[in-house]
Amino acid sequence: MCMGEKTKEHVVVIGGGGTGAATAYDLCQRGYRVTVFEQGELTCGSTGRHHGLLHSGARYAVNDADVARECIQEVHILLKIAPESIEPNRGVFIALSEEELSFRDEFMNACETAGIENRSVDGETLRRMEPNLSPDCLGGIIVPDGTLDAFRLPMYFFAGAQELGAVIRNFTRVTGFRMRGGTITGVHVRDLRTGRDETVGCDFVINTAGAWAGVIAEMADVDLPITPAPGTMLAHKGRLVNMIIERLRPATDGDILVPQRNLSIIGATQWHGKGPDDCEVPDKDVEVLMKAAVEMVPKFAELPYQKAWAAVRPLTGRADNEADGRELSREFAAQNHAESDGVQGMISVTGGKATTLRSMAEKTVDMFCSLAGDDTVCRSAEAPLPDYRRFYTASESRMRYGA
Ligand SMILES: Cc1cc2nc3c(=O)[nH]c(=O)nc-3n(C[C@H](O)[C@H](O)[C@H](O)COP(=O)(O)OP(=O)(O)OC[C@H]3O[C@@H](n4cnc5c(N)ncnc54)[C@H](O)[C@@H]3O)c2cc1C
């Protein structure tokens, strides 16, 4: 890394999803010059394809108190800095059997420990609040989950980064690295609209290419432990509930039903994919998800079909089959390739979730700053981001988008 005056250092962020957006914003706030390269439209990867649950952390509270604590902390921060990307409609974990109901105390205690507000409600009261819930519902726990707008949230961060001078180049694919000795000194890119190739020099690269992070790492002859794990979601037209409905039991396929504007989305499954582009929905998934939705909200079956689609999780670690993939943690990891592989100038990010994009960026940029000998602290949680619409209306953006 050639670290001179702070504003002179140039960091390339690869990937224009939520993680790349939050990373670019954090870097700009700490005074770095930033260029983001995204091979498609911004948010076209898993960021624009997930079902939009803002995790309060309740889902993780029993098995992973740290992740649960991180989620609830981020919920409070995002409500403050990106308010229009969230519908604070709450979630309820429902019990459809005595066995599920017996999980209640353990679940509530774990929420308590993680600092997640929770309230137990009996079946009758719950059905008054959500009349389309199954008549089998024996009760549930209400928690501060929410519906997340998968596009608006990252666009808030892109607007913030752009306002602080980041250059954001969509439809521009990174095709390789310029190396000097064992150090990355630039990226080779292709503008997919013009076919033009160029090399852009930089001091450091942050690889936030999601499920493609392993492909990017390979370009620098680095073997990154990542498993692209796809999952299906199913949307029907119409909104049957206002809260997010989840099952009061250990997490499994099809146990999250998200009301997203006027859609009802049930998700998700997980299978062993062939690679980051493997998004073809297996036929059996639609059946599994339909059955799971109807168990919680029977009228789901009466709504017109809208779409079944898949997104790919960039899980940290390696798995050769579906069972092993399910064992992998959903936790975020940032890997400094100088330490693990002897390649200077790149950090790769894997794992995590859309809800924690800001804290993932904070930890990644902290790691980068400590390598750079820079003690500037993260400020991304402090003040509201600029309106996400500004990404498209600001003059520099209008020029890029040709409006
Ligand atoms: C089924 C499913 C449901 C989920 N539901 C939720 C949920 O409800 N709530 C939640 O918080 N999280 C959810 N997640 C997790 C969430 O979707 C991901 O953690 C998050 O979207 C990852 O964002 P990202 O920016 O890291 O990756 P991505 O959004 O995939 O971004 C990576 C980007 O890199 C770009 N790229 C790749 N190669 C190149 C290249 N060579 N040059 C330039 N650009 C490149 C890609 O085009 C892509 O846009 C879900 C995940 C799945 C699979």
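The values are calculated or read from the model by the stated rules, or taken from the named source; none is laboratory data. The shown structure was predicted, so the numbers you read here are calculated from the model rather than taken from an experiment. Note: ideal-geometry Cβ built from the backbone for every residue, glycine included; neighbour counts use all protein chains shown. For accessibility, only protein heavy atoms count, side chains too; no ligands or nucleic acids. Shrake-Rupley method; radii C 1.70, N 1.55, O 1.52, S 1.80 Å.
The figures follow:
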{"read-out": "Residues located in the stretch 26-47, provided they are open to solvent by less than 30 Å² (accessible area, probe 1.4 Å), more than 7 Å from the ligand (Cβ to nearest atom) and closer than 18 Å to F391 by Cβ", "value": "D26, L27, C28, V34, T35, V36, L42"}
{"read-out": "The stretch 142-164 - residue that is open to solvent by less than 10 Å² (accessible area, probe 1.4 Å) and aromatic (F, W, Y) and, of those, farthest from T35 (Cα to Cα)", "value": "Y156"}
{"read-out": "For N89: the one exception among (1) open to solvent by 10 Å² or more (accessible area, probe 1.4 Å); (2) in a helix (DSSP H, G or I); (3) modelled with pLDDT of 95 or more", "value": "(2)"}
{"read-out": "Within the stretch 286-322, tally of residues that are open to solvent by less than 30 Å² (accessible area, probe 1.4 Å) and among the polar types (S, T, N, Q)", "value": "0"}
{"read-out": "Leading residue by the ranking (surrounded by the fewest Cβ atoms within 10 Å (Cβ to Cβ)) among those in the stretch 170-181 that are basic (K, R) and more than 9 Å from the ligand (Cβ to nearest atom)", "value": "R180"}
{"read-out": "Condition check for L54: within 17 Å of the chain's Cα centre (by Cα) and within 11 Å of the ligand (Cβ to nearest atom)", "value": "yes"}
{"read-out": "Any hit, the stretch 62-73, residues being within 23 Å of L385 (Cβ to Cβ), of a type in the set (A, V, I, L, M, F, W, C), assigned to a helix (DSSP H, G or I) and within 14 Å of the ligand (Cβ to nearest atom)", "value": "yes"}
